[in-house]
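Everything below concerns the one structure shown next.
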Amino acid sequence: MYLIAGLGNPGSRFEYTRHNAGFLTIDNLAKKLNIKVNKLKFKSLIGEGFIGNEKIILMKPSTYMNDSGKAIIDCVRYYSIEPENIIVICDDIDIPFGTIRVKRKGSAGTHNGLKSIIYHIQSENFPRIKVAVGQNTNNIDLKDFVIGQFTKEEFEVLDKEIEMASNAAIGIVENGADYSMNNFNGKSVL
């Protein structure tokens, strides 16, 4: 069993903001896999389905970004999911726009959602897919930048990144993190 959790903030105010790249990717995956993500459980919206013969749970935590770990730990404990089978999809401001980055494990860096997950599950050993959301070149407050909206042109690029991130998540479930790292890292949609 795999848990695929997209990080973001609940509510229409945040729906298409940079911080919600994870939620948007879960929406894309749900459509692609014909899974309804509409069940309230584990402080989240979840949907259950399969990738091949592997059962998956798609999750959009409703705890707000900085407390994402509270939702994820509830699900992980309930289903006894190993960290290696938790795939987290989140925004990233440090990688080039037009790309995604798949990592097998690692630290949270400056991402508060990842910090919360690492704190709650007591492990850094979970794959993550980082979706580039642009770089803060105007030096506005980081909080304001990540809850800011995309321009129409940026959203067209993000849409392609989301498709790539969805395929990377499927690739991890089917073939492992190394497969998705080799096939998606370093590729640009621009």
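The values are calculated or read from the model by the stated rules, or taken from the named source; none is laboratory data. Values in this document were obtained by computation on a predicted structure and should not be read as measured data. Don't worry about glycine lacking a Cβ; one is built from the backbone with ideal geometry, like all the others, and counts go over all protein chains shown.
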- Message: Can you tell me which condition PHE126 does not meet? The list is (1) of a type in the set (Phe, Trp, Tyr); (2) in a loop (DSSP other than H, G, I, E, B); (3) in contact (Cβ under 8 Å) with a residue 60 or more places away in the chain, and all the others hold.
- Response: (3)
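Considering only the range 170-185, I want to know if a residue exists there that is more than 30 Å from MET1 (Cβ to Cβ), free of Cβ contacts under 8 Å to residues at least 24 places away in the same chain and part of a loop (DSSP other than H, G, I, E, B). It would help to see each step written out before you state the result.
Let us first name the residues in the range 170-185 that are more than 30 Å from MET1 (Cβ to Cβ), namely none.
Within the range 170-185 (the criterion being more than 30 Å from MET1 (Cβ to Cβ), free of Cβ contacts under 8 Å to residues at least 24 places away in the same chain and part of a loop (DSSP other than H, G, I, E, B)), the answer is no, since none of the residues qualifies.
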- Per-region count, the range 55-104, residues within 15 Å of the chain's Cα centre (by Cα), of a type outside the set (A, V, I, L, M) and under 26 Å from GLU154 (Cβ atoms): 12
- Query: Among the residues of the range 10-19, is any farther than 22 Å from ASN167 by Cβ, part of a strand (DSSP E or B) and under 11 Å from the mean Cα position of the chain (by Cα)?
  - Reply: no
- Item | Single residue of the range 140-169 satisfying the filter (of a type in the set (A, V, I, L, M), in contact with a Lys or Arg (Cβ under 9 Å, 6 or more places away or on another chain) and surrounded by 19 or more Cβ atoms within 10 Å (Cβ to Cβ)) that is farthest from ILE35 (Cα to Cα) | VAL146
- Message: Out of everything in the range 98-131 that is β-branched (Val, Ile, Thr) and modelled with pLDDT of 90 or more, what residue ends up being farthest from ILE4 (Cα to Cα)?
- Response: THR99
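Restricting attention to the range 132-173, which residues are of a type in the set (Lys, Arg) and at pLDDT 75 or above?
Correct list: LYS152, LYS160.
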- Note on the structure: Of the residues in the range 15-47, those that are small (Gly, Ala, Ser) and in contact with a Gly (Cβ under 7 Å, 6 or more places away or on another chain) number 2
- Item | Count of residues meeting criterion [under 22 Å from ALA108 (Cα atoms) and outside any loop (DSSP other than H, G, I, E, B)] in the range 61-83 | 15
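Condition check ((1) in a loop (DSSP other than H, G, I, E, B); (2) surrounded by 23 or more Cβ atoms within 10 Å (Cβ to Cβ); (3) touching a Ser or Thr at 6+ places or on another chain (Cβ under 6 Å); (4) of a type in the set (A, V, I, L, M, F, W, C)) across all residues:
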{"site": "ALA5", "(1), (2), (3), (4)": "no, yes, no, yes"}
{"site": "GLY22", "(1), (2), (3), (4)": "no, yes, no, no"}
{"site": "ASP27", "(1), (2), (3), (4)": "no, no, no, no"}
{"site": "GLY47", "(1), (2), (3), (4)": "no, no, no, no"}
{"site": "MET59", "(1), (2), (3), (4)": "no, yes, yes, yes"}
{"site": "CYS90", "(1), (2), (3), (4)": "no, yes, no, yes"}
{"site": "VAL102", "(1), (2), (3), (4)": "no, yes, yes, yes"}
{"site": "LYS105", "(1), (2), (3), (4)": "yes, no, no, no"}
{"site": "ALA108", "(1), (2), (3), (4)": "yes, no, no, yes"}
- Query: If you scan the range 29-45, which residues turn out to be under 19 Å from LYS70 (Cα atoms) and either touching a Ser or Thr at 6+ places or on another chain (Cβ under 7 Å) or crowded, with 18+ Cβ neighbours inside 10 Å (or both)?
  - Reply: VAL37, PHE42, LYS43, SER44, LEU45
